[in-house]
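Notes follow the structure.
The values are calculated or read from the model by the stated rules, or taken from the named source; none is laboratory data. No experiment lies behind these values; they were computed from the predicted model shown. Cβ: placed from backbone, ideal geometry, glycine included. Neighbour counts: every protein chain shown. Heavy atoms of the whole protein, side chains included, go into the accessibility calculation; ligands, DNA and RNA do not. Shrake-Rupley method; radii C 1.70, N 1.55, O 1.52, S 1.80 Å.
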Amino acid sequence: MAQKLIQTQEQKQVQAQRLTQQQMLVVRLLEMPLTELEQSVTAEIDDNPALESGAPEDAHEAEPAQDAADDGAADEDFDAAQEREERASALDDALAGIGMDDEMPEAVAPSGGGGQGADYEERTYGDQASFYDRLKEQMVDVDLTPKQREIMEYLIGSLDDDGLLRKDDDTLGDELAIYRGIDAGGDEIARMVGTLQTFDPPGIGAHDLRECLLLQIRRKPKSDMRRKMEDVVAKCFDEFMNKRWDKIAAQLGYDDGTVARVHAELLRLNPKPGSALGETEGRGAQQITPDFIVDTADDGTVTFTVNNGRVPELYVSESFADMVKAYQKNKAAMNRRDKEALLYAKEKVERAQGFIDAVKQRRHTLYVTMKAIIDIQKRYFQDGDEGDLKPMILKDVAEKAGLDISTVSRVSNMKYAQTRWGTFRLRHFFSDSVKTGTGEEMSTRKVKAALKDIIDGEDKAAPLSDDALKTMMAAKGYPVARRTIAKYREQMGIPVARLRKR
């Protein structure tokens, strides 16, 4: 009997949690490092005439020197401020742009601009294309839909400093849905990752070192040597990582001469393709702007401030706010044009107020998170000894700060704290715990530091095995299992005893 396909409709009531536009804005600003936040605030001020700014606190001290160095820059800054004031106060000009905001061209900074831009140009030499920009430039050569372009931009932004993409497709799909509102399946993301892996330099977008090396090998012209290199990495990767060339030769049937040639060619590959471009071309090192300034007094008192950088104080334009109030008082006598003006002004005012609230909430969240970290790790901030870092995970900080774990995680990513002992990522202050044989909990950072000290002081002619390290660690008061020793040694990038022998 033939089967028929029948379409039916039914109603279902389900509960679904969705982020509002304001919540998504808060999340985006919270994840931004300080330099990116400054750019976002500037772009929002230029885009929304109802959002105005005051001068940042640190700008007043720099004004005299800046004016003395470049009078033209001061004139341009004055003209820009006057132009913004005129735009906000001229009602007719504002109304003329109703419905055309999306068509406005992006503002281009003048070549001789003043303020931060001029100072930046004086300190920097060479091409200023960033790692991110160089990869985005290559998107022009690929035929992508608008949705695929957004996915590709997010993938590029998710690359680690070494150029690897260590997030799996499911995680990327979840993040795209939350942060960009893009519904992308695993197959679509996998295709975009495959496209990213065709960009230069070879190896970009690989999920791990093995895939990174294979991508570089497969870019080489077809030859017998390329096939041998691919066989070593694809079939004998563990032996390759542990330098067991005798086992590689036996498994693949290579003689000593072939092994030596393949080994030499493999050493030419780049395990960190992202370093080939650097953070910014023309600059030798990445500049880090700390989000927190932590100060430790001689008496052990620890204080800190949230670094607001060049983010100015924001407020809603009085002219737009007054416009909304005036129109609302005369709703009955409003014609069509007046109603359009009211909707326009109200939308701009609400958007400006929402942005201001999001910036304030970001500052508050950063403050309470850092305060909780310092409360837990106070001893470390007093003496700078990593051995004093207590076991601390996201849950500990979240409970102390009264925040959600995901919020603490977002704050901890890409944020830096400047301390008396150096500038560190917030992740530096987190440490898992390990239970010793006596049931005591110790910070993994403290155990690793002790293990590294023992290995650094060993006789390199007769390096210690993991069993011997276990015995010496127990003698120092760290009774941990041999498998724990091996795991921590691998995490620190320290090879086994036979590879440490000199």
Selection from Thr289, Ser223, Ile248, by position along the positive dipole direction of the range 170-308 (Cβ): Ser223
Take His263, His364, His428 and sort them by solvent-accessible surface of the protein heavy atoms, 1.4 Å probe, largest at the top. His364, His263, His428
Averaged over every viewing direction, what's the projected area of the C-alpha convex hull for the range 327-426? Give it in nm², one decimal, please. 9.3 nm²
Ordered by residue, what ³J(HN,Hα) values in Hz, to whole numbers, does the range 242-254 give under the Karplus form 6.51 cos²θ - 1.76 cosθ + 1.60, where θ = phi - 60° and Gly and Pro are x? 9, 6, 8, 5, 5, 6, 4, 4, 5, 6, 9, x, 9
When all protein chains stay in place, what accessible area (Å², nearest 10, 1.4 Å probe) is found for Arg227? 120 Å²
Residue-wise, which Karplus ³J(HN,Hα) couplings in Hz belong to the range 316-327, taking 6.51 cos²θ - 1.76 cosθ + 1.60, θ = phi - 60°, and x for glycine or proline? 7, 4, 4, 5, 6, 5, 5, 4, 5, 4, 5, 5
Using 0.36 nm per residue of separation minus the Cα-Cα distance, give me the extension gain between Ala297 and Arg244 in nm, one decimal. 13.8 nm
Report the net charge of residues surrounding Leu403, where surrounding means a beta-carbon distance below 13 angstrom and charges are Lys +1, Arg +1, Asp -1, Glu -1. +2
Multiply the residue separation of Asp231 and Ile178 by 0.36 nm, subtract the distance between their alpha-carbon atoms, and state the gained length in nm to one decimal. 15.0 nm
P(r) over all Cα-Cα pairs of the range 387-502, 5 Å bins from 0 to the longest distance, whole percent per bin, short to long, reads 2, 10, 18, 19, 16, 13, 12, 7, 3, 1, 0
Estimated inter-spin distance, Ala468 and Thr35, nm [label 7 Å along Cα→Cβ]: 4.6 nm
Which sequence of Val140, Val447, Val306 reflects their accessible areas, 1.4 Å probe, from the largest down? Val140, Val306, Val447
